[in-house]
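**Student:** The following block contains the structure, expressed as structure tokens.
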Amino acid sequence: MERRRTALVFDLDGTLVDSVYQHVLAWHEALGEAGIDLSIWRIHRRIGMSGGLFVRALLRETGRDLTPDLIQRLQDLHAEAYGRLSDRVRPLPGAVDLLCHLSAIGCPWAIATSGRRETAAPVLARLGVPDGVPVITRDMVERAKPDPDLFLAALERLDVGAAEVFVVGDSVWDMLAARRAGAQGIGLLAGGYGTDELERAGAYRVYDDPAMLLDRLDEIGVRQDGG
């Protein structure tokens, strides 16, 4: 009987790159330009959701009307603001080494992010993502997290079953989407969520950052031959 391969699907922001707070500040600026005053901590708690759901959730808290024009304007303002901050975004500790090691041992991996290709492209370059590695972005699927579409698309591109996959993410939205895709979730603390929150959302293991995950790949069954 053929041995099943372990594969990993990674979220991007707060999981592989240290970009959560740039996104928070970009959303804060976008909301401010639209005349919406909202505390930064409330914004952070929604990071990781799809942009549309994110805006709807925040506007519901402020009592503003959810017009399509306002939602689109806020998403455009966020993209502009994040573009000005993105040059400060760097890979998280161990991220580049982890991805290189997985490629070296033949362990399949992919990236699935709620960000659009235009905002993800610069940080993907800093990670050195090789050609041929599946990268699924928001504009490639109908719905983003907490719906499972991003992760399901990654599984299809990797040609693996959900039972063979660990989804690595930093937010409760990642863990929820992983469960809905039928995969196990691995939580990272690098995005600001706590261990208890990630575990309650379904994380099988929780690590500090990619460096700690690299050191403990054996705990999730990744062998040095990639199996």
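The values are calculated or read from the model by the stated rules, or taken from the named source; none is laboratory data. Just so it is clear, the model here is predicted, and its values are computed rather than measured. Note: ideal-geometry Cβ built from the backbone for every residue, glycine included; neighbour counts use all protein chains shown.
**Student:** Name the helices (runs of 4 or more DSSP H) wholly within region 71-161 that hold at least 3 residues that are in contact (Cβ under 8 Å) with a residue 12 or more places away in the chain and of a type in the set (D, E, K, R)?
**Tutor:** Of the helices (runs of 4 or more DSSP H) lying wholly inside region 71-161, those with at least 3 residues that are in contact (Cβ under 8 Å) with a residue 12 or more places away in the chain and of a type in the set (D, E, K, R) span 117-127.
**Student:** For Asp170, only one of the following conditions fails: (1) within 13 Å of Leu12 (Cα to Cα); (2) out of contact with any strand residue (DSSP E or B) (no Cβ under 9 Å at 6 or more places or on another chain); (3) of a type in the set (Asp, Glu). What is its number?
**Tutor:** The one condition Asp170 does not meet is (2).
**Student:** Next question, about the same structure. Looking only at region 181-199, how many residues end up being part of a helix (DSSP H, G or I) and β-branched (Val, Ile, Thr)?
**Tutor:** Going through region 181-199 one residue at a time, the tally reaches 1.
**Student:** Any residue that is under 22 Å from the mean Cα position of the chain (by Cα), of a type in the set (A, V, I, L, M) and buried (at least 22 other Cβ atoms within 10 Å of the Cβ) - is there at least one of those in region 51-61?
**Tutor:** Yes, region 51-61 has at least one match.
**Student:** Among the residues of region 158-170, count how many are surrounded by 24 or more Cβ atoms within 10 Å (Cβ to Cβ), in contact with a Gly (Cβ under 7 Å, 6 or more places away or on another chain) and farther than 15 Å from Thr195 by Cα.
**Tutor:** The number of residues fulfilling the criteria is 1.
**Student:** Same structure, new question: Of these, Asp18, Asp13, Asp37, which one is in contact with a Ser or Thr (Cβ under 9 Å, 6 or more places away or on another chain), among the charged types (D, E, K, R) and under 18 Å from Arg88 (Cβ atoms)?
**Tutor:** Asp13
**Student:** Out of Asp139, Asp170, which single residue is within 19 Å of Arg45 (Cα to Cα) and of a type in the set (Asp, Glu)?
**Tutor:** After ruling out the rest, the residue left standing is Asp170.
**Student:** Then there's this: Quick check on this structure: which one of Trp173, Trp109 is of a type in the set (Phe, Trp, Tyr), buried (at least 18 other Cβ atoms within 10 Å of the Cβ) and within 24 Å of Tyr21 (Cβ to Cβ)?
**Tutor:** Trp173 is the lone residue from the list that is of a type in the set (Phe, Trp, Tyr), buried (at least 18 other Cβ atoms within 10 Å of the Cβ) and within 24 Å of Tyr21 (Cβ to Cβ).
**Student:** Here is a further query. Answer with yes or no whether Gly48 is closer than 19 Å to Thr119 by Cβ, assigned by TED's automatic domain parsing to the domain that holds Pro148, surrounded by 16 or more Cβ atoms within 10 Å (Cβ to Cβ) and touching a residue at least 12 places away in the same chain (Cβ under 8 Å).
**Tutor:** No, not satisfied.
**Student:** What's the number of the condition Ser39 fails, among (1) in the same structural domain as Leu158 (by TED's automatic domain parsing); (2) more than 24 Å from Val141 (Cβ to Cβ); (3) of a type in the set (Gly, Ala, Ser)?
**Tutor:** (1)
**Student:** Any chance you could count how many residues in region 62-106 are exposed (fewer than 15 other Cβ atoms within 10 Å of the Cβ), touching a Leu at 6+ places or on another chain (Cβ under 7 Å) and not hydroxyl-bearing (Ser, Thr, Tyr)?
**Tutor:** 2
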